[in-house]
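Some notes on the structure that comes next.
The values are calculated or read from the model by the stated rules, or taken from the named source; none is laboratory data. What you see is a predicted model, and the numbers here were worked out from it, not measured in a lab. Note that we place each Cβ from the backbone using ideal geometry, even for glycine, and neighbour counts take in every protein chain shown. These accessible areas exclude ligands, DNA and RNA; they are computed on the full protein's heavy atoms, side chains included. Shrake-Rupley method; radii C 1.70, N 1.55, O 1.52, S 1.80 Å.
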Amino acid sequence: MAMITGGELVVRTLIQANVKNVFGLHGAHLETIFQSCLDHRIPITDTRHEVAAGHAAEGYARSTRSLGVAMATAGPGFTNIITSIANAYLDRTPVLYITGSSGLAEAETNTLQSGLDQVAVVTPITKWAHRISVTQQIPRLVAQAIRLATSEPMGPVLLDMPMDVLGAQVEEASVQIPEKVLVDARSEPQSSAIDEALKLLASAARPVIMVGVGAYQSGAEEELRAFAEATGTPVFSDFQAHGMLPSNHPLYGGTFHKMADLSAPDQRPDLVLALGVRFGLFTLGMSDLVVPLAAKIVHVEIDPKEIGRLRQVAVGIVADSRETLHAMNARAKSQKWPDRSRWQQSIRNAKVERCKRAQADLNRTTTPIHPLQAVSAIVDNIPENTIVVGDGAEAYHWMNEVIRQNSPGSYITHGFLGAVGMGLGLSIGVQVANPDRPVLCLVGDGAIGFTIAEFDTMMRHQLPIVVAVMNNHSWAASQHFQEIVSGKDRLTGTELRDAKYHEVAAAFGCHAQRVTELQELGPAIKAAFASGKPACVNVAIDVVPLPPELHLLMARH
Ligand SMILES: Cc1ncc(C[n+]2csc(CCOP(=O)(O)OP(=O)(O)O)c2C)c(N)n1
């Protein structure tokens, strides 16, 4: 009679759900899972802080549009990973968090790393959180958790696994591992709603398509391109949907904030087809700078809560974005669409004007390096097909000015939580998921401090991520906010020192370089990628300039 542990049941079920990698940091409570991963050759990317393991699982999930798995031990391991859970919740990232906890038999005994109801703590920030109490039920509940995480609207789930439930031995024959764990739960739109939406689009003078997380997660890029081209409609994207239409496509207008450049009365969109978009921070909330109040909105969203949340809609469609575009394409082909060339040209003109406005900054010859010069030099020197992870605050807002990706899932940056410090962790997951693609992580000098020891994880797991630090000796977004709100003479708690972050990376064995002159930066980025090792390029930049997007955001305070 073969006996197997609860940990073995966890791992066998993960395998049935096509899980190929997990992220975590060991604790005795999780030992049986670690041992079974070893037996089944499921690699564990073990990090130096649980939050990095959580962010790595998010990066894995976001870049592959599939499940990420992170493990954290009982008590402090669990509390350390909470920021990642919250981030995944607000970004709709499908991650299974597995936490250890003290044995059920030890309940209320003040034992090690116990005393917290871990399920209760995360219930408001997960799609589902559950403590497993019967070993034989592990496969059923792990499968259920994975189905919930990966069904739209996607999101994190947490399974809390007491040490005695995981360690218990059960008869192998008494437990069934589900053969098929993942399901296809896409919902199709009603045909009458498609008619209504297409009618509005046909009669609009200046329509735009906005694509967000739902469009990306549904894998709608081909249908999007076909629809945009067939109807001549320009496309703007959320960060998560960046690259769904290649940046150099003539119909691509930029990320949502760029819509604020369409400010002249004859340039304002009059119809918005919003696909999987969550209105809010990235559409500038209630303001009409991005989405004009007068514009009619057709909102396709998988979560009915999002429809009408900030803006009344002309048509609301609760459905999967790809299925909806598929249905629209089927009809759009046979329809005659108005000539939109003038409208398309005015969007291209707005892009050109934005570039012109940036030219003086780009031409600057003095040091310290202007942050726009820095991100331009970085983007110009990364290898083709690089996935870019953006952290910090102003750092990634500058990156937004110059990033141009041609495939989806290639620009991974902040969502609604705005969790500064998630970059190194995210990059680890992105690189594990995409071993054949270069990965660049752009961070602020504040952001890098949160998990700087992850250079060690990159070295141990041979993850050749290039980390570029935008070093302005400052929590710059905070400092600029303080200057605007409280006054330039009222700075407190927002300045940093010029630290040698590259030397910290070098101490872990990474390739490292400090850059103070613009002409050194491109070669330094190239050398970092050529080293084939994890690398840190510490770039001295000017703290003074404020990214154009932040002008918009801060002007609202
Ligand atoms: C975890 C966390 N702590 C604090 C903040 C508040 N915050 C927003 S922007 C910012 C400054 C970020 O500084 P840095 O990483 O150096 O990037 P920079 O703005 O200089 O590019 C801070 C502290 C946050 N969003 N997240």
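Numbers at a glance
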| read-out | value |
| --- | --- |
| Compactness of segment 47-122, expressed as Rg and Dmax over alpha-carbon positions, Å | 13.1, 42 |
| Segment 1-101, accessible area per residue, ligands and nucleic acids excluded (1.4 Å, Å²) | 30 Å² |
| Compactness of segment 76-232 as Cα Rg over 2.2 N^0.38 Å, two decimals | 1.45 |
| Residues in segment 269-292 reached by a label modelled at Ser263 [backbone nitrogen below 16 Å; 7 Å Cα→Cβ] | 269, 284, 287-292 |
| Given Lys20/Lys500; Lys20/Lys127; Lys127/Lys296; Lys180/Lys333, the pairs whose alpha carbons are separated by over 27 Å | Lys20/Lys500; Lys127/Lys296; Lys180/Lys333 |
| Listed residue (Asn21, Pro156, Phe279) projecting farthest to the positive dipole end of the chain, Cβ model | Phe279 |
| Charge dipole of segment 70-165 about the Cα centre (unit charges at C-beta), most positive-ward option of Thr109, Asn87, Ile146 | Ile146 |
| FRET E, pair Asp380, Gln176, Förster distance 35 Å, beta-carbon r, rounded to 0.05 | 0.05 |
| When segment 485-524 is reduced to its Cα atoms, the Kirkwood hydrodynamic radius in Å | 13.0 Å |
| Protein accessible area in segment 440-515, 1.4 Å probe - carbon and sulfur % | 50 percent |
| Cα→Cβ-extended label distance, 7 Å offset, between Ala294 and Asn18, nm | 4.7 nm |
| Principal axis box of segment 495-557, alpha-carbon based, largest edge first, Å | 44, 23, 19 |
| Rg/Rh ratio calculated on Cα atoms of segment 263-396 (Kirkwood radius) | 1.04 |
| Convex hull of segment 453-514 built on C-alpha atoms - directionally averaged projected area, nm² | 4.9 nm² |
| From the C-alpha gyration tensor of segment 161-287, square roots of 5λ in Å | 42, 18, 14 |
| Rg/Rg_ref, the chain, where Rg_ref = 2.2 N^0.38 Å and atoms are Cα | 1.00 |
| Lys, Arg +1 and Asp, Glu -1 on Cβ, resulting dipole of the chain about Cα centre, debye, nearest 20 | 1480 debye |
| Share of carbon and sulfur in the accessible heavy-atom surface of segment 4-156 [1.4 Å probe, %] | 52 percent |
| Tail weight of P(r) past 22 Å, computed on alpha-carbon pairs of segment 126-206, percent | 49 percent |
| Relative contact order (%) - criterion: Cα under 8 Å, at least six apart; region: the chain | 14 percent |
| Segment 498-554 - accessible surface per residue (Å², probe 1.4 Å) | 41 Å² |
| Accessible carbon and sulfur surface of segment 305-402 relative to its total accessible area, %, 1.4 Å | 49 percent |
| Alpha carbon centroid spacing (whole Å) that separates segment 3-24 from segment 176-222 | 32 Å |
| P(r) histogram, all alpha-carbon pairs of segment 394-465 included - 10 Å bins from 0, percent | 18, 53, 29, 1 |
| Packing rank of 522-534, 476-488, where each peptide gets the mean count of other beta carbons within 10 Å, highest leading | 522-534, 476-488 |
| For segment 211-369, accessible area per residue (1.4 Å probe, heavy atoms of protein chains only), Å² | 41 Å² |
